[in-house]
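Asker: I have a structure here, written as structure tokens, and I will follow up with some questions on it.
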Amino acid sequence: MGIQCLTTLIEEHYPSRTWRTITPRGELVLDGLSVSRTLSSSKKFDWVHGGQYGELRDHFIRFFSRLRDSGIDPIVIFDGVDYNQEKRETILRRMKKKVRNVFKGIINDERPSGSAFPIFTDVVFCETLKELRVKFIFADGDADRDTARIANHYNCPVVANDSDYFIFNLKAGYIPLDCLYWDQQPVEAKLYERDRFAYKFYFDHNLNLIYLIPAIMGNDFMDKVESPSLKRDIKATKRRAIKKGTQIKEIIKVDDDNFEDKLEILYYISIFNTVEDFQTHLSKIPLDDGHDTVSIIDEKYKDAKEMYDVDKISMADLVESKNLKKANGTLLPDIIRQQYRKGFIATSVMVVIVLNKYIVPVMIDNPHDYTAMRIGKHIRKCIYMILSPYLSESEVTETTITHYMEEPDDEMVSWTNVSHLNLPCIDDVIGLSEDKRIELLCEVMKTPLEVQAKLESKWKLVGVSLHYWSQHAHPDIHLIEALVLCFIRCSFNETVCPSNKVLDHRRDEKWLKALHTFAQWSCTYYDAFRLNNVLMNPLPFMSPALLFNGKLVMHYACTREFNVQKRKILESSNAKAFFDKLVSVCTCT
């Protein structure tokens, strides 16, 4: 994320004068997506089976407990809706990479570089924050600017895994997540400070020169400048430096040539006294590439300065921010905005409200099957119908990416064929009783009210999802029992079953079928979670960390010893009675 290669350049090549070691205390602002994804990408978490959520939750708890034990008060800021759609291409590119990773991990049985995060990864992270009472908030759009502004308000560092923070004007500096030594007491960190970076690269005489780095190199919002004329001038500047006896590699120590062009750009920028000097020089060099390079860089520089040169904002003021609007252009009701800020309305729901679009998540699934997300299409249509007064069109654009597709597939999804349900619009939902909203949820999920009525509160949404899954995925009784047994093992035991203690199985057709069937349950529970949000959460949401262990459920699906293991786990009469109750939820019609 951020500016390509900048993290490596800074971390590997300039530690001596750019960094200092600190012991953080008090507030510490964390980029939620960065922290969630970085902690989840550890090699010990096997994503190939669909999600080791209990182990992830334990890892998240340990991380935040260590911070608090060291006197740190964490504040987490999450990305919101890309309401200007500036990152759409970046998001789709990352999804394509995830599709490739899933194929390599499942079919070729290899661990590709990078991870394919299971669908509930960020949800489990957010639910863990609620459980620990860690302060967090969802931003309007990309969280980077708001994260920097809140850090400036508290005069504390930002922790993230995003090279954009090297450029922001952070008052108290930036700590890359791998430079936060949280697994020790007291917690220590290597702190990056922009002023030291400017001094190292001779930008300290005019800090605005720093904004030329993203303007030329590009970031998630801006493409890098591709100008043969500029490249020639950078090379010519290098030759002049060498002729004068000044070696760039003496100024910037580097052991390899992979980043030499980036280093040359940094040196090139540093020879100018001001941005105006840079622009004047650029206007005088011959431009024969058919592009107005001067104007292009000038626009990118202005955009970069606006993005990275931030003020400060309090959490309370961010809660009241009204940048997000409905797709039809009108303001969001306060209750919707506030529920979203607090994590009670999923960002994926807000994307529909704001953009009239939905990017279907990439699943850990059998690559030879069509996406398991298809199972929830009826639920999503009902969500769109409830949200329809907020939308600008009578259809929602769903974007899907699978292994079979060279390009993303856009499908216009209408809710007309569920209009007979006469579902209330979102504004009317807000005023309905809890019982009525539960009734609506069961109606959408095609589940008899008795199903949820016979389960205790925290299991109701799970039970409704199980019933819908069993009626639409048509799993055989063995797969139903495997999934329910997994739920009981994960929720009844105080200790998480470590995946390295669970046997792996040969990835044959039986294995792939089970993977797809359990992916369908994950998709059902995900869409039920979103429907519950739209209905103002009449049912409690049970974290997947207390339900689903992908490797364990796949083991139950494939082992010949299933009945033996089932008897052992269900020795308790309570466990046996609850197992029978959940299985009956799946088999009732």
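Asker: Taking the range 361-411 only, how many residues are closer than 28 Å to GLU509 by Cβ, in a strand (DSSP E or B) and either touching a Pro at 6+ places or on another chain (Cβ under 8 Å) or aliphatic (A, V, I, L, M) (or both)?
Answerer: Of the residues in that region, 1 qualify.
Asker: Right, another one. Give the number of residues within the range 392-410 that are surrounded by 20 or more Cβ atoms within 10 Å (Cβ to Cβ) and either farther than 27 Å from ASN366 by Cβ or aromatic (Phe, Trp, Tyr) (or both).
Answerer: Number satisfying all stated conditions: 0.
Asker: A further question on this structure: Any residue at all in the range 421-438 that is basic (Lys, Arg), within 30 Å of LYS104 (Cβ to Cβ), at pLDDT 95 or above and assigned to a helix (DSSP H, G or I)?
Answerer: Scanning the range 421-438 turns up no residue that is basic (Lys, Arg), within 30 Å of LYS104 (Cβ to Cβ), at pLDDT 95 or above and assigned to a helix (DSSP H, G or I).
Asker: Just to be sure before I move on: is TYR556 in contact with a Leu (Cβ under 6 Å, 6 or more places away or on another chain), within 22 Å of SER465 (Cβ to Cβ) and in a helix (DSSP H, G or I) in the structure I sent?
Answerer: Taking the combined requirement at face value, the residue satisfies it.
Asker: For the range 444-470, how many residues meet the condition of being free of Cβ contacts under 8 Å to residues at least 60 places away in the same chain and either crowded, with 24+ Cβ neighbours inside 10 Å or over 26 Å from CYS425 (Cα atoms) (or both)?
Answerer: Matching residues across the range 444-470 total 1.
Asker: Another question, if that's okay. Could you count how many residues in the range 71-86 are of a type outside the set (Asp, Glu) and surrounded by fewer than 18 Cβ atoms within 10 Å (Cβ to Cβ)?
Answerer: The qualifying residues number 4.
Listed here are the residues, each with its yes/no results for (1) more than 30 Å from ASP142 (Cα to Cα); (2) at pLDDT 85 or above; (3) touching a Leu at 6+ places or on another chain (Cβ under 6 Å).
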| site | (1), (2), (3) |
| --- | --- |
| LYS238 | yes, no, no |
| ILE252 | yes, no, yes |
| ASP256 | yes, no, no |
| PRO286 | yes, no, no |
| ASP292 | no, no, no |
| SER295 | no, no, no |
| ASP298 | no, yes, no |
| SER314 | no, yes, no |
| LEU318 | no, yes, no |
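Asker: Going through LEU30, LEU92 one at a time, which residue ends up being under 30 Å from ILE353 (Cβ atoms) and in a strand (DSSP E or B)?
Answerer: Only one candidate passes the filter, namely LEU30.
Asker: Of ALA160, ALA143, ALA189, ALA151, which residue is in the same structural domain as SER36 (by TED's automatic domain parsing), in contact (Cβ under 8 Å) with a residue 12 or more places away in the chain and in contact with a Cys (Cβ under 8 Å, 6 or more places away or on another chain)?
Answerer: ALA189
Asker: Of a type in the set (Phe, Trp, Tyr), touching a strand residue (DSSP E or B) at 6+ places or on another chain (Cβ under 8 Å) and buried (at least 20 other Cβ atoms within 10 Å of the Cβ) - does that describe any residue in the range 137-159?
Answerer: Yes, that holds for at least one residue.
Asker: Working only within the range 307-360, note down all residues that are among the aromatic types (Phe, Trp, Tyr) and outside any helix (DSSP H, G or I).
Answerer: Those that are among the aromatic types (Phe, Trp, Tyr) and outside any helix (DSSP H, G or I): PHE344, TYR358.
Asker: Any residue in the range 173-181 that is surrounded by fewer than 22 Cβ atoms within 10 Å (Cβ to Cβ) and under 30 Å from GLN338 (Cβ atoms)?
Answerer: yes
Asker: In the range 338-368, how many are over 18 Å from SER394 (Cα atoms), among the charged types (D, E, K, R) and at pLDDT 90 or above?
Answerer: Selection size over the range 338-368: 2.
The values are calculated or read from the model by the stated rules, or taken from the named source; none is laboratory data. All figures in this text were calculated on a predicted structure; none of them were measured in a lab. Please note: Cβ atoms are built from the backbone with ideal geometry, for glycine as well, and neighbour counts cover all protein chains shown.
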